[in-house]
Each structure stands twice: as structure tokens, then as C-alpha cells.
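Here the structure comes first, spelled out in C-alpha cells, and everything after it is commentary.
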Amino acid sequence: MELEIQRDSLLKRRVSPGTREFLHAGEQARFESDKDDPRMADIYKDGSLSYSINSLGYRTGEIEQYRDNSFVLVFGCSYTEGVALHNEDIWHSHITKKTRLPIMNLGLGGTGGEVIRLNSIQYVANNLPKPKLVIFQWPGDHRKLFAGYADNIINPHTPHIEEDPEPHIADRMPWTKYDTEWYRNRYVAYPNECVQTVYQNYIISNTVFNSIGVPTYNWQYFADRIDNDLMDYKQLALVNVTGRTEPIARDLMHPGKNCQLNSYEQIKNDILELL
Amino acid sequence: MSIAFSSSAIPKRVHQASTRSFWSTDDTEYKWKRNVKAGVMIEKYLSPEAITYNYNSLGYRSDNELSDFSDDSYIASFGCSMTEGVGLNYTDTYCHLLGEELNLGTMNFGVAGGSMHLVDAQILQYVKLILAGELPKPSLVTVQWPSPYRYTFVRKPVDPYYAPSMYEMFLHNPNFPIPDGEPTCTHLDQKWLVQRYATYPEHEQVETYKMIERSNFLLDTICARVINFTLSGDQNDNPLLNHDKIHDIPFHPGSGELPLARDLAHPGSEVQQQYANIIKGLY
């Protein structure tokens, strides 16, 4: 999945807009392979799970339909996008159930804090509708993005720690082996560079929205955090959930609806107070 | 060269903090003696005391501390050696000359050898502290964006000058060789910089775009008037950038031979005056 930088808009995910049962062919192939797995919940066998993707590639309505101060804007990774989950089971959907405020969901699976930082600036700089509250679900601190093969294309997927780039990828994009080597042997092994990146992501993203009078709320899964003495953790809620709580999501990888609800329960008081 | 980073302050040049010298890391006494001996030294710099480098408590070239200024009474200038004024007296730098023209004080955050990442980190901390009410707001900010291929990597310092809570921002240049020996941070960073960052430009272009956009956005939050420029045309090939926002000032705006500074590498005082005139015209 690639992201396209557009100066006058949010990052654009290069997927076709519309409603579909699977986000991409790989997800469908995985489901076909797993559908008889005893862990596959019945709620995922009836074809009711669908993604409604807007023209920018996000699982949300078109940006223009949101009105100032009447929605909640959320950023995050696959947990926030709701990969392999019904929309109504994602943690932020419970905010809508409680407050009737719609959600603008800018979560993008597989992405990290740098994407959130970039999108935060793009959002405010382009005077997009003003949310009542912004919630940042900070993905894994180690996630790192590298640019792709064209001027304005980002490959937001973090290199694998244990695997080298597949040959067909390394052939097409020879720089990936350098990125993987540096990421594995330097960025993860000596996390100071990562620590500063995480700090910058946090400060900049919050500042851009606070500067236009929009309050922000920050949370992160405990397992996604690395020790960071640049961060003021009083401003970042840590959520502790067990990812294996059944039912697991349709891809048998992501935490399921109960885990999402548990996450919401741990942060709802703070969020509702801000609203 | 390294800079100390912490979350509560502007990046600090610990080795330069509160010092005064006739020489700097790039404009050294050794080079001067060699050039004098070779008979190529510029006449006004024949005295070893011709130039003074005063560094404030943060290690930046200034007679002032930020606390000396009130809101809207000074110009903040970010950049590399061209801004710091290597090989020049401070009164010959474009920032000082611009301040004189506009009747404003100046705070020079230029760092010789500095990178865009360093400027980006400086601006982040600078704006953060202004928004917290800890520093005065500037009347004008000038940002001279250094070469996009320089890079600043962060590591835990081994230098005893650094407090335990500090990180070290270490400046790398792709023209330097990859160090031999064990794959330390320095080795791995330099290797990636040379083999990847400087060789396949797409990542550099995205990073440059990100840094310029967010720095300017942050400066907008303190309502600062900002003038962005480059001195070498390095950004011209980046299609992501808004070239209306970043002015390209010729390295040598005049004609004829380039007047030089004392180190015989950087542009001289006449060129700095031309920079100041051009920037004033943009103001």
C-alpha cells in the first residue's frame, strides 16, 4: 500500500474508493484460507463486513461532508482503521454511540507516527473541517517510513526486522536493502533516533491542532511504547489489553471487537470529558 | 560536530556555550597561519585578532541571550555556516546587517555544518518554548535551509559534557567517508546516508518537504513573519516544494570573483551585505 503526498490535501492512499468486502486481494486470499479455522467467528462468515472507502482512500466519509465542530477526528493505525472488523466494532464507534458525534477516521493500517505527523500538518494547513476533538492512537513507536520510487510516493510500511526485502521488491527498489539494514541494525538496535522521532511526532501533531483551538487526546497500547525520556507520559494514556480476547478479528491477526471495546472503556472518561 | 538535545530547551552547542575566541571549528588558527604563510590571506584579516566569535549560553553566535529581548524586538535566524558567519565578524553577517536595517535585535541560531534536520529540531523547540511563554516572540524569522543531503542523527552521548538527560545530535555529511571498523551508530548512519539517502533522492525529497512544511507551520503558530531561502539552489529539483515559499538566493549575487571570508572558503562580507539587501527586499 502506497501513500501519495499531495500538497493541497491529505496523504492519499492508492486504493479505489467505494464499498467492498476486502481492502485488497491479499486480505481476501487470507480469508479464503482461514475461513474454516475454528478461531474464525461466525460474524465474519456472512459477508456483512465491508469497508467504505472515500476518494482519498480512508475508511470514512468524504471530507467535505463533515461540518466544523460537529465530529471527532481520529488518527491511528490498523486498530483505528478497523482492519478486519465491522465498522461498528472499532473503538471510536463507541464514541458515536454515546455522543452521536460522527467520526472522521483517518486511521491507516500499517502506518506509524510519521504518517500521523505529516497528515496532521496537511489537514490543518489545508483548512479542512475543524473537529470538536482530535484523538491520536499512536502506533508502534518503532514504525518508520521511507520514501518510495517516485517523488511523492511514500512506502509507509516499516521494514521487517527478521526478513530481507523479497527479491522482486529489492530488484525494483534497490534502496530497500539499505533501508532494511539501517532500520534493523541502527534504528531498532540503538533507539535514540527513534526516541526523538516519536517525540517530534507527538509535539508537532498536537501543536498543529491546539494552535487552531482544537483539543487533542493521546493514547497508545502499552505494547507499542518504547521507553522515551523526552516524552511527558502524563499527556499520553497507556491502554493495556489482551489482544487474544475472542472473537479475534477476521484476519485472525488483529484484536477483535471485545478488545476494541475494552480499549474504549479505558479511555472513554477522558474523551467524554473533553467533549 | 554535535549538538545536545533535550525536550526542555533549544538544542545547545555545549562546547561553544559561553565562550569567546578568535577562531572557530571551521575558521581555525591552523588554516589562517597556513594561508598567511602562503601569502594568500586577505589584508583585513592579517591580524590574528581580526575576528571574534562570541557564543552565548546556548552556544550560538550572539552577544545576547534570548531573555534579553522582548516580543517582536528581534530577528531569529536559522541556517548553517552561511548564517553563523564563519570567517567573518558578526557585524558583517547578513543577520546583523538585516537587523541594523530593520532596527531589530538579532538572535543567530546558525550552526556551521548544520543540516535541515538540525534547523527543524531547533524550530520545534523554539516554537514549543515560545508557546509555553518561556521565550519572547520574534518579529521576523529567516530560515536559510542548508544542503538537503546533510543529515543529523540522534544518539546517546558518550561525551561527559552532556547531561544524562540529553541526546546528541550528530551532524553527518555525505562527502565524508564511511568509517572503518565495527558497525557503530556512526558507521551505520554514514553508510545509510551515503549509499541510500544521497544516492536515491526520493526519500530526501520527502524528508525535505516534511521538514519545511512543519517548520513553517510551527512558525505560523507564533504569528512570525518567515522568510525561507536557500543559497545554493539545492532545492530546485524537488517537485514537492512550493517554490513560491522558498526563495533561491544566488550563492554569489554579484559579479566577478567571489569575495571571501577569512577561511578563504565562505563568502565574504560584501556578499553577506548583498544577502541582507535581498532578504530585506523580501520583507
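Just so you know, all these numbers are worked out from the coordinates, no wet-lab data involved. Treat the numbers as computed from the prediction; the structure is a model and nothing was measured. Please note: Cβ atoms are built from the backbone with ideal geometry, for glycine as well, and neighbour counts cover all protein chains shown.
Tabulated values for the structure
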item: Normalised convex hull volume, segment B:87-234, alpha-carbon set, Å³ per residue; result: 148
item: Cα-centred dipole magnitude for segment A:49-190, charges only on beta-carbon of K, R (+1) and D, E (-1), debye, nearest 20; result: 680
item: Total charge dipole magnitude, segment A:4-87, about the Cα centre, Cβ charges on Lys, Arg, Asp, Glu only, Debye to nearest 20; result: 220
item: Furthest towards positive pole of dipole, B:Y55, B:L240, B:G254, structure part chain B, Cβ charges; result: B:Y55
item: Top of B:Q122, B:Q16, B:Q195 by mean-square fluctuation, Gaussian network on chain B, Cα under 10 Å; result: B:Q195
item: For chain A, calculated [θ]222 nm from helices alone, where every DSSP H run of n ≥ 4 adds -39500 (n - 2.57); result: -9000 deg cm²/dmol
item: Most mobile of B:V158, B:V111, B:V36 in a GNM of chain B (Cα contacts under 10 Å); result: B:V158
item: Normalised per residue, the volume of the convex hull around the Cα set of the protein assembly as shown (Å³); result: 162
item: Per-residue average of Cβ from other chains inside 10 Å of B:219-226; result: 1
item: Projected area averaged over orientations for segment A:1-152, convex hull of C-alpha atoms, nm²; result: 9.9
item: Subset of A:K12/A:K130; A:K130/B:K128; A:K12/B:K128 violating a 24 Å alpha-carbon distance limit; result: A:K12/B:K128
item: Nitroxide proxy distance, nm - points 7 Å out along Cα→Cβ at B:N277 and B:N242; result: 3.0
item: Cα-centre dipole for segment A:194-253 with unit charges at Cβ (Lys and Arg positive, Asp and Glu negative), debye to 20; result: 120
item: Prolate/oblate/rounded label for chain B (Cα gyration tensor, a/c 1.5); result: rounded
item: Whole-Å semi-axes of the ellipsoid equivalent to segment B:37-119 (Cα gyration tensor, √5λ, descending); result: 25, 15, 12
item: Charge dipole of the protein assembly as shown about the Cα centre (unit charges at C-beta), most positive-ward option of B:L264, A:Q235, B:L140; result: A:Q235
item: For chain A, built as a Gaussian network whose Cα springs stay under 10 Å, the top-fluctuating residue of A:P129, A:P102, A:P38; result: A:P38
item: Å³ per residue enclosed by the Cα convex hull of chain A; result: 134
item: Longest DSSP-loop-exposure-free segment, trypsin sites (Lys or Arg not before Pro), chain A, at most 15 other Cβ within 10 Å; result: A:101-243
item: Helical mean residue ellipticity (222 nm; -39500 (n - 2.57) per DSSP H run of 4+; nearest 500) of chain B; result: -9000 deg cm²/dmol
item: Three-way shape call for segment A:189-230 based on the alpha-carbon gyration tensor, with the a/c threshold at 1.5; result: oblate
item: Three-way shape call for segment A:154-275 based on the alpha-carbon gyration tensor, with the a/c threshold at 1.5; result: oblate
item: Residues of segment A:244-274 with amide N under 19 Å of a point placed 7 Å along Cα→Cβ from A:H86; result: A:245-265
item: Over chain A, relative contact order from alpha-carbon pairs under 8 Å, at least 6 apart, %; result: 21
item: Average beta carbon contacts from partner chains per residue of B:206-217, 10 Å cutoff; result: 5
item: Cα lying deepest toward the dipole's positive end in segment B:60-150, options B:Q125, B:G110, B:Y149, charges on Cβ; result: B:Y149
